[in-house]
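The values are calculated or read from the model by the stated rules, or taken from the named source; none is laboratory data. Here the structure is a predicted model, which means the values were calculated and not measured. As a convention, Cβ positions derive from the backbone with ideal geometry for all residues, glycine included, and neighbour counts pool all protein chains shown.
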Amino acid sequence: MVSEARSALSQPTTARRTAALSFTLHGRATRTELASYILSAVFVTLAVSFASALAAPYAVRALVSDGLTMLLAIPVPALLVRRLHDQGRSGRLVWLAVLAFGVWLVRTVISNTLGMEARIGFDRMTWLLDWAVIFANLAAVILAILPGTAGPNRYGPDPRQRSA
């Protein structure tokens, strides 16, 4: 029992593990790892947003928010690939989430470089794309919360160490 406690303490937290595996597309990730990263990202975002709201003008806050979003998004594709692997699915389905991030990124770049009028014009031309993004996000969320396969699968051993 004491060795189990030491083992748990010596392992990195799941949020740190996710950050360390930001570019690792092999292996499996649990729902706990995904939830841990999301909660950590939310807490960091809230803290930075609160601090910047107290100390910075709107233009700086917007840049800080966009930069933080891009920084926190770096580990997400690899995490989602490992989450899909946990279910025995191909990691190619991660492109559902990349579509939504790509649309957000294009809108952000247009807003910051060309202004809001150009952004409104872009939105008027691409409103149908928003429906694809909504369905892609919904599919990605559903896939992320489905349980993984018990026991090892073709992507590696069960991270929860349960038998089939």
*asked:* Test of understanding: among R124, R154, R160, which residue is in contact (Cβ under 8 Å) with a residue 60 or more places away in the chain and exposed (fewer than 12 other Cβ atoms within 10 Å of the Cβ)?
replied: R154
*If the Cβ limit is 8 Å and pairs must be 6+ apart or interchain, which residue in region 13-39 that is within 19 Å of N153 (Cα to Cα) and of a type in the set (S, T, Y) pairs with which residue that is in a loop (DSSP other than H, G, I, E, B) and at pLDDT below 90?*
T30/P159; T30/R160
*Residue check, A139 under 24 Å from V76 (Cβ atoms) and surrounded by 16 or more Cβ atoms within 10 Å (Cβ to Cβ)*: no
*Look at A41 and say whether it is of a type outside the set (V, I, T), modelled with pLDDT under 90 and surrounded by 17 or more Cβ atoms within 10 Å (Cβ to Cβ).*
no
*Which helices (runs of 4 or more DSSP H) does region 62-164 wholly contain that include 3 or more residues that are more than 17 Å from I38 (Cβ to Cβ)?*
95-114, 116-125, 127-145
*Qualifying residue in region 77-93 (condition: modelled with pLDDT under 90 and out of contact with any Lys or Arg (no Cβ under 8 Å at 6 or more places or on another chain))*: yes
